[in-house]
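Accompanying notes for the structure given below.
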Amino acid sequence: MLSKFDYYKPASLEDATKYLNENPETKILAGGTDLLIGLKNKKVRCKHILDIKGIPELNKFTYSEGRGYFIGAAVTINQISEEKLLREKYPAISQGADALGSYQVRNRATMVGNICTASPGADMAAPLLVYDAKVHIASSQGIKAVDLCDFFTGVKKTILNPKELVVGVSIPDVEKGDRSVYLRKSRIKGADLCNVAIALRINPENKLSIALGAVSTIPMRLFELEKETAGKDLTPELVDWLATQIKTYINPRRDSIRSSPEYRYLITGVLAKRGLLKLIDKEGA
Amino acid sequence: MCEHDAKANCFEYIDSQMPRVPLDLVVNGERVHEMIDPAMTLLDFLRVTLKLFGTKEGCREGECGACTLIMNGRPVTSCLILAVEAQGAEILTVEGLSKDGELSILQEEFIREDGLQCGFCTPGMLMSARALLDRNPNPTADEVKEAIAGNLCRCTGYKSIIDAILSAAKREREALRNG
Ligand code: FES
Ligand code: FES
């Protein structure tokens, strides 16, 4: 037995927010790949399960020129991974999707679920952060959009309150020549959580964006470090400087079962350098 | 409850006693209608309600792949899905691979290549492999590895499994060519 709960699958957003308002102790079910583990391990208890996969808005997965992508909360990781235009325009996001869990898990897990679980190493977080993604949150009061960089508040904690649900994530359009990369280090090749993850992006105006996962309590965007690179060309010298500097921005846990802080400091520098060199490389191509 | 209590971790289905909900779906080509416990997983539904024991129960948390089946054309771990979520779905389990008592090419190749020893991972491996060959009839060894990265095997060392899938792919392509 997972818990004692009933199950409700609304067909409209209105019904869903109304249900959340009237039923405390409800858990939202999208892919279920985190929720069912939580229920099985008794880390999560609830009276009601609200399955959001039947809500049309949440299944939206659209691109429009000038506005970019909208990815609904019911869209799975493999749907994202299979979307060719997204891979062309936002490589780091597709690479994050490829890296998450196993193929079977990616068929159920959703991008929005991944950020709502808010694990520090959430594979979708860093890639979305470098693209200035916005989280669209619905409640009975309506829908608001929040910057993803303001969404995470701690280990497995977000700004969401129990009466709210995420409709989807929007990602602004990118210009031609925008490049990005997502790199992660895990213990084994294959399905494993990561020790360090980094997303790097450079836009046609040479503006660099950097986000890290698994090296602090929350996935984070390094705005300060980015500022220091403003107006500079991404030369091998700057890459070396960044790879050293980046370590001063992280705060890895001491009690992690996966790796020591020392290892994470080291690997963060290595991945930063590797990723930045990849970005330079593509410039020549 | 102690975390290391074997009994507590042993996978015995306990009815939540919540009011039953209707479930209609197709399993291996057959329509199924049952009134079920809303808190039961799809894996429990197959094993406990339908008594289809082919789909195995390993970790119950999406790590081992033993419970893999194909749902609406995609391989998924059935321990992470509530049975109610499968409303209207088409499910293919290992029991649905053979036709009229004859093993499929994929199953034959697992036997020929020694792709199994204890056999516990095999149903899950077969379903991941089946789904791979359905979307990509000519996979590379790396693509095979990626497709079964979520399926653990404690016995074979994987090599024979990968070989079995690759040779099944070849035979299936030949069979298709020869009509
Ligand atoms: S039993 Fe489902 S993945 Fe292990
Ligand atoms: S054959 Fe024993 S686990 Fe794979």
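The values are calculated or read from the model by the stated rules, or taken from the named source; none is laboratory data. None of these values were measured; they are calculated from a predicted model. Note: ideal-geometry Cβ built from the backbone for every residue, glycine included; neighbour counts use all protein chains shown. The area values use the complete protein model at the heavy-atom level, side chains included, leaving out ligands, DNA and RNA. Shrake-Rupley method; radii C 1.70, N 1.55, O 1.52, S 1.80 Å.
Observations on the structure shown:
- Index of the failed condition, residue B:148 passing every other in (1) within 12 Å of another protein chain (Cβ to nearest Cβ); (2) within 16 Å of ligand 1 (Cβ to nearest atom); (3) farther than 27 Å from residue A:79 by Cα: (3)
- When segment B:107-124 is filtered for residues that are open to solvent by less than 60 Å² (accessible area, probe 1.4 Å) and near ligand 2 (Cβ under 7 Å from one of its atoms), the ones remaining, listed by number, are B:119, B:121, B:122.
- Identity of the residue in segment B:85-94, open to solvent by 10 Å² or more (accessible area, probe 1.4 Å) and in a helix (DSSP H, G or I), that ends up farthest from the other protein chains (Cβ to nearest Cβ): B:94
- Hits in segment A:35-45 (condition: more than 7 Å from chain B (Cβ to nearest Cβ) and either at pLDDT 95 or above or in a helix (DSSP H, G or I) (or both)): A:35, A:38, A:39
- Single unsatisfied condition, residue B:120 versus (1) part of a helix (DSSP H, G or I); (2) away from chain A (no Cβ under 13 Å); (3) within 16 Å of ligand 1 (Cβ to nearest atom); (4) not polar (S, T, N, Q): (1)
- For segment B:135-156, the criterion of being within 16 Å of ligand 2 (Cβ to nearest atom), more than 17 Å from the chain's Cα centre (by Cα), more than 21 Å from residue B:78 (Cβ to Cβ) and part of a loop (DSSP other than H, G, I, E, B) is satisfied by at least one residue.
- Options B:110, B:120; residue that is among the aromatic types (Phe, Trp, Tyr) and in contact with a Lys or Arg (Cβ under 7 Å, 6 or more places away or on another chain): B:120
- Screening residue B:34 against (1) assigned to a loop (DSSP other than H, G, I, E, B); (2) in contact with a helix residue (DSSP H, G or I) (Cβ under 7 Å, 6 or more places away or on another chain); (3) at pLDDT 95 or above leaves a single unmet condition, (1).
- Among the residues of segment A:74-106, those that are part of a helix (DSSP H, G or I), open to solvent by less than 10 Å² (accessible area, probe 1.4 Å) and in contact with a Phe, Trp or Tyr (Cβ under 6 Å, 6 or more places away or on another chain) comprise A:92, A:96.
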